[in-house]
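These notes are about the structure you will find just below.
The values are calculated or read from the model by the stated rules, or taken from the named source; none is laboratory data. These figures come from a predicted structure and were not determined experimentally. A quick note on method: Cβ atoms are made from the backbone with ideal geometry, for glycine too, and the neighbour counts reach across all protein chains shown. We work out accessible area using only protein heavy atoms, side chains counted, and drop any ligands, DNA or RNA first. Shrake-Rupley method; radii C 1.70, N 1.55, O 1.52, S 1.80 Å.
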Amino acid sequence: MPFPSPPRTLTGPRRRSLLVSAAGAALLTGCSSGADDSGTTGGSESAAEHARARAAADSETLLRHYDTVLAAYPTLAPRLDPLRAEVVRHTSAFGGTGSTPSATTTASPSATASPTAAPATEGDALAGLAAAERSLADRRAKALLDLPGELARLLASVAAAGAAHAYLLTEGAK
């Protein structure tokens, strides 16, 4: 009597392994050092400064988005305050002020102009923040390929944090 064939096992890498490898490869590309690790080169100094200023402005816009959601839904503060604090640190790391008033502070509407109006529900607010974090992380991951050493490493780190924020914002949503 012949033995039954063993259950079919899948060969090759699993989908999750491929995704993690692709993300790691993108981050490592940005982390690899070029000929000049100082962060500045003769021709790319202005490009690096422009990228740093753009990253600071993007972080400040994201910070205003957090503030809009927190002003509309103060009950989300325990969940959003730690993420907002990280965005403030990212803004400062890129040379921005990071001084956008928090949701608990009342300020004039012109000082905290939001990128969008407050969403109708808390779920929509969280989904909007997650989309903003994800979009910004993707743009930063693409931009870091053209930047010199230290700035590329900083941008890669902040992009990874943004991707983690997007995950945390959507965690538990079905």
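As a summary of the residue check, Ala120 satisfies the conditions (1) surrounded by fewer than 17 Cβ atoms within 10 Å (Cβ to Cβ); (2) without any contact (Cβ under 8 Å) to a residue 40 or more places away in the chain; (3) not in a loop (DSSP other than H, G, I, E, B) except for the one numbered (3). Filtering region 124-174 to residues that are open to solvent by less than 10 Å² (accessible area, probe 1.4 Å), among the hydrophobic types (A, V, I, L, M, F, W, C) and at pLDDT below 90 leaves only Leu144.
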